[in-house]
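The values are calculated or read from the model by the stated rules, or taken from the named source; none is laboratory data. Remember, it's a predicted structure, so these values are computed and weren't measured experimentally. Counting neighbours? That spans all protein chains shown, and the Cβs are built from the backbone with ideal geometry, glycine included.
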Amino acid sequence: MSEVLHTYQLSIGYKGQALMPAIDVSLSEGDIVALAGPNGSGKTTLFKTLSASLKPVGGEVKLFGKDLRDYSPTERSSLFSLVLTEKPDDLFLKVFDIVAAGRYPHLGLLAKLKAEDEQIIYDSLETVGISHLVNRNFVSLSDGEQQKVMIAKALVQDTPLIFMDEPAAFLDYPSKIELVNIMHKLSREKKKTILFSSHDLDLLLRHADVMWVVAPQQPLCQGTPKELVDQGVIDDYFKPIVTKEEFFWMNLEQ
Amino acid sequence: MASDTDNTLRRKTPPIALVSIAILAVGIVLFVLNLRYGSVSIPWNEFWDTLLHGDTSTYRTIILDYRLPQAITALLAGIGLSVSGLLMQTLFRNPLADPSLLGISSGASLGVAFVVLLGTATGLSVSTLSLWSTFGVTIAAFLGAFAVLLLILALSSRLRSMVSLVLVGIMIAYIAGSVTDILKFFSQKEGLHSFVIWGLGSFSNVSKAQLPFFAIAVAVGTIGSFLLFKTLNLLLLGERYAENLGVNIRRSSMLIILASGFLTALITAFCGPIAFLGLAVPHIARFLFRSSDHKLLIPATAFLGMDLALFCNLIARLPSFEGNLPINSVTALIGAPIVLWVIFHRQKVSHIQW
């Protein structure tokens, strides 16, 4: 499988202060990778660094073989898309408008949607299962529906790589399962590479191909969810927050 | 689930073309009424004769030299201020943002205060409001407003957060305001009077000779704003989404501030600080069209701003008011209830939501 993203001795943090030892990780096409760690462990910092919102303290991030920061903002907009925890809050923003905004990098000066662009928008809404919401106001949707709108936006952006920051944070159990299914669909059918983060030992983590586990001042550990549980990494890194039950379920469901 | 309870949010969008035609028709009617009504009443038949045949009746001067420039100034100011307000509301993601947010109108006031004090100090009477002095006040307001605009632009390149930028704007407004007060303190009565008159706002300060310049400048600012619609739409999603979709946040914020600030500075210089148009009109546009798409909102806001400004100007010159009411009090009187309504409506919507 071809390589999408690779970090070399990447050091992340603020004001020259590294949060954790240097990171060497990579993402391949079609991977679903989970970035897990307790709150304050540097997940968001790593996310922002990988998505070019933040300069690395040291080392580099290579996206398709080229340094992330050597791309222009416009070029980056066609390489990776974001699904964030912050949501648009404008009262009259329609679902269609938000998803269409994801198409802007592909459009000309007047942002005129061609028939094929509209088709892509409707297809994406179909993929995440919210075609019926197309005319609704975004703020009137439930958290799960809003999450799907933002995923549809990322889809029409048509990037090989998708970053999802805490995608399951506000979702109820059925919505989480739906989200897992959507992620699998994107990875298997559309060959999308997905990196998502989670601050608790969510059911999502078990569906990742690879997990990156972080904790403050600890080196990043990677492996399949099962390996990490077996090696006791999960236990170590999540020690302060894992309850007995959660750990029991983690083990049981493997 | 919350999604089942919000029937009020699912109202159909009114047909865009129909609403647009209605807005334009209202604008044309208001424009004609602006020419027709005032302290001097003109019979309809003479009114049409003067307008269509341009005959040399006694009303010619009143209509063509006085009311026409005033009506055109009003509609241009309405367009510019409303579009400027929309840009501020979107940039700062704040429904109560308006063109004066960044202290640009305060800068204009400061400029005028300087001229007034200078007039007092040198013995020149600015208060006579002769053509020259009106123009002097305009120039002073222009310089003051642009000085603040440049300062804000310089600072915006150093500040990353929009909240800091708003705070800086408010602080600049305070500084300009207090210096204005100090200057006023040292001014003489006549100077103060002309300052107060300028502060009440007026659409009749733009002379026929200045009108083409004013019109072109407003058009440039408005078209410039329209060209930013893609960026504005993306900013609605939030800064990080916008950035990911190829928006250079700093450069875009500067362009938006430049477009909005240019319109505000220009109109404040010519008409004085006009309150509430820039705050209220974008809300009317959003509610009428049930949309946040700036490709639609910017033209809608422009034409609604034109309508509302013409309406306010008409009210200010109703025959019973014997001349002109201060335009600023009329815009506030009409604009404030609209803003109140928006606040309550938002509360209602958010109540349904959460």
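Test each condition in (1) in a helix (DSSP H, G or I); (2) away from every other protein chain (no Cβ under 12 Å) for B:Phe287 and report the one that comes out false.
(2)
Of the residues that sit in segment A:100-118 and are farther than 18 Å from B:Phe289 by Cβ and in contact (Cβ under 8 Å) with a residue 40 or more places away in the chain, which one is nearest to the other protein chains (Cβ to nearest Cβ)?
A:Pro105
Looking only at segment B:267-284, which residues are crowded, with 24+ Cβ neighbours inside 10 Å and either within 14 Å of chain A (Cβ to nearest Cβ) or over 21 Å from B:Ser105 (Cβ atoms) (or both)?
Selection gives B:Pro282, B:His283.
Out of the residues in segment A:123-150 meeting the condition of being more than 21 Å from the chain's Cα centre (by Cα) and without any contact (Cβ under 8 Å) to a residue 12 or more places away in the chain, tell me which one is surrounded by the fewest Cβ atoms within 10 Å (Cβ to Cβ).
My answer is A:His132.
Just checking, does segment A:219-235 include any residue being surrounded by fewer than 14 Cβ atoms within 10 Å (Cβ to Cβ), within 22 Å of A:Ile12 (Cβ to Cβ) and at pLDDT below 85?
Checked against the condition, which is being surrounded by fewer than 14 Cβ atoms within 10 Å (Cβ to Cβ), within 22 Å of A:Ile12 (Cβ to Cβ) and at pLDDT below 85, segment A:219-235 yields no hits at all.
With respect to A:Lys87, is the statement that it is in a loop (DSSP other than H, G, I, E, B) and either in contact (Cβ under 8 Å) with a residue 12 or more places away in the chain or farther than 30 Å from B:Leu96 by Cβ (or both) true?
yes
Filter segment A:23-55 down to residues that are among the β-branched types (Val, Ile, Thr) and in a strand (DSSP E or B) and give me whichever is nearest to A:Pro216 (Cα to Cα).
Taking the candidates together, the pick is A:Ile23.
Which condition does A:Phe163 not pass, out of (1) more than 13 Å from every other protein chain (Cβ to nearest Cβ); (2) closer than 28 Å to A:Lys48 by Cβ, if it passes all the others?
(1)
With respect to B:Gly335, is the statement that it is more than 14 Å from chain A (Cβ to nearest Cβ), buried (at least 17 other Cβ atoms within 10 Å of the Cβ) and at pLDDT 90 or above true?
For B:Gly335, the condition - more than 14 Å from chain A (Cβ to nearest Cβ), buried (at least 17 other Cβ atoms within 10 Å of the Cβ) and at pLDDT 90 or above - is not met.
Quick one: which residue in A:Thr7, A:Thr45, A:Thr74 is in contact with a helix residue (DSSP H, G or I) (Cβ under 9 Å, 6 or more places away or on another chain) and free of Cβ contacts under 8 Å to residues at least 40 places away in the same chain?
A:Thr74
Looking at (1) assigned to a loop (DSSP other than H, G, I, E, B); (2) within 15 Å of the chain's Cα centre (by Cα), which is the only condition B:Ser292 fails?
Failed condition: (2).
Filtering segment A:137-152 down to residues that are at the interface with another protein chain (Cβ under 8 Å from one of its Cβ atoms) and in contact with a Ser or Thr (Cβ under 8 Å, 6 or more places away or on another chain), which residue is farthest from A:Leu171 (Cα to Cα)?
A:Ser140
So B:Asn94 ticks every box in (1) within 14 Å of another protein chain (Cβ to nearest Cβ); (2) in a helix (DSSP H, G or I); (3) at pLDDT below 90 but one. Which box is left unticked?
So the condition that B:Asn94 fails would be (2).
Can you tell me which condition B:Glu243 does not meet? The list is (1) more than 8 Å from chain A (Cβ to nearest Cβ); (2) not in a loop (DSSP other than H, G, I, E, B), and all the others hold.
Every listed condition holds for B:Glu243 apart from (1).
Would you confirm whether or not segment A:176-193 contains a residue that is crowded, with 17+ Cβ neighbours inside 10 Å, under 21 Å from A:Gly232 (Cβ atoms) and of a type outside the set (A, V, I, L, M, F, W, C)?
No.
Filter segment A:90-122 down to the residues that are assigned to a helix (DSSP H, G or I), among the hydrophobic types (A, V, I, L, M, F, W, C) and crowded, with 16+ Cβ neighbours inside 10 Å and list them by number.
Matches in segment A:90-122: A:Val95, A:Phe96, A:Ile98, A:Val99, A:Ala100, A:Ala101, A:Ile120, A:Ile121.
Can you pull out every residue in segment A:67-99 that is among the acidic types (Asp, Glu) and at the interface with chain B (Cβ under 7 Å from one of its Cβ atoms)?
Result: A:Glu86, A:Asp90, A:Asp97.
Going residue by residue through segment B:227-236, is there one that turns out to be within 17 Å of B:Leu165 (Cα to Cα), of a type in the set (A, V, I, L, M, F, W, C), in a helix (DSSP H, G or I) and more than 14 Å from every other protein chain (Cβ to nearest Cβ)?
No, the conditions are met nowhere in segment B:227-236.
Could you list, in sequence order, the residues of segment A:123-136 that are in contact with a helix residue (DSSP H, G or I) (Cβ under 8 Å, 6 or more places away or on another chain), in a helix (DSSP H, G or I) and either more than 17 Å from A:Met183 (Cα to Cα) or facing chain B (nearest Cβ under 9 Å) (or both)?
Within segment A:123-136, A:Ser131, A:Leu133 qualify.
Does any residue in segment B:238-261 that is under 20 Å from A:Leu161 (Cα atoms) come within less than 7 Å, Cβ to Cβ, of a residue that is of a type in the set (Phe, Trp, Tyr) six or more places away or on a different chain, and which pairs are these?
Sorted first by the residue in segment B:238-261, then by its partner, the pairs are B:Leu245/A:Tyr104.
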